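Worksheet: the structure to be examined is printed underneath.
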Amino acid sequence: MSSSCRPYRHLFLVALLVSVCHPGLAVDPVSPVASPPVRPPDASAAVPLPVAFPPGASLPDELFVIPASPPQTIITAEMLTMASGVATLEGRVRAVREAVVSEPPAPASGVIPVPGKSHEVRQSDLLTAGRARLGQNPDWMLASLTPRLFRKETIMEKQLVRESTLDAATIWWNSTTGELDASDSVVVKIEERTWDLGTYSWVIISADAMLGHRDRHTLTFHGNVRMKDKTRFGQGDHLDYYKASSTVVLTGNAHVEGEEWSEKNKRMEKRTIDGQRIEYHLDTKAMQSE
């Protein structure tokens, strides 16, 4: 192993499980064929080489750290490669995270949460991908090769369960800033239901890119935005999803169409709204435009 390799204690990399195959061999990260370790003539002057661990290889003691407390996140994969302070996980990458967070109460009006007693939310995350890269300072993670992020949130006080699924070409997470960035062919499905199944709502949002904010409890979508639920279809240049109020706001060439019950004609009739800003509440189906 290169002398430049040091213990890797990344926030996300808590444990790596590998299957049985050719222990003790180094692997070229570009080629799938295993090869013997390459030692430079002068290790002190050599450029640091990538360190790869194929399935079944024994990890050096200095790379294996037993946490003092139960980890929030555990990642498993088939192979780990380390180079220049970045860890690359490949083959059936699976990250599981459990956490308890706070969510602001829903506003009495509008979409922006107001100061008040927060709700306790139990989160369960599952990220799957073909490849994931992890770095430090700041802590970050980049998932690619058909990544998918599934999150289940249970809000005890409201007796509500929210499930979200994110698919994209790449998913990038910055632990320091709390930002989640997804790009290219982004599709998000959000479902909310009460424990007694008395109320249920769902929405599917697609766009070119998405940015999530941990502290703001919002999702922001850009480019070719489309929105669809049971009764409405909408589109625009930009969309903001406000979690606390279950509201979407379309801006920029905003258009929403759907069917509503007409008391006058006693039937479902088509309704279309256009504007620069359309606010739509997913739970109550109330809609207004500017």
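The figures follow:
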item	result
Which numbered condition Gln276 misses (of (1) without any contact (Cβ under 8 Å) to a residue 12 or more places away in the chain; (2) part of a strand (DSSP E or B); (3) of a type outside the set (A, V, I, L, M))	(1)
Subset tally (residues that are of a type in the set (Gly, Ala, Ser), farther than 20 Å from Lys270 by Cβ and crowded, with 20+ Cβ neighbours inside 10 Å) for the range 233-245	1
Residue match in the range 186-208 (condition: on the phi > 0 side of the Ramachandran plot, surrounded by fewer than 16 Cβ atoms within 10 Å (Cβ to Cβ), small (Gly, Ala, Ser) and out of contact with any Ser or Thr (no Cβ under 6 Å at 6 or more places or on another chain))	no
The range 147-199, residues that are under 20 Å from Val121 (Cβ atoms) and in contact with a Lys or Arg (Cβ under 6 Å, 6 or more places away or on another chain)	Glu153, Thr154, Val161, Glu163, Ser164, Thr165, Gly178, Glu192
Filtered residue count, the range 241-269, keeping only those that are assigned to a strand (DSSP E or B) and free of Cβ contacts under 8 Å to residues at least 60 places away in the same chain	18
Residues of the range 126-147 classified as closer than 14 Å to Arg97 by Cβ, free of Cβ contacts under 8 Å to residues at least 40 places away in the same chain and either outside any strand (DSSP E or B) or not aliphatic (A, V, I, L, M) (or both), total	1
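Just so you know, all these numbers are worked out from the coordinates, no wet-lab data involved. For clarity, every value in this text was computed on a predicted model and none was experimentally measured. For neighbour counting, all protein chains shown are included, and Cβ atoms are generated from backbone atoms with ideal geometry for every residue, glycine included.
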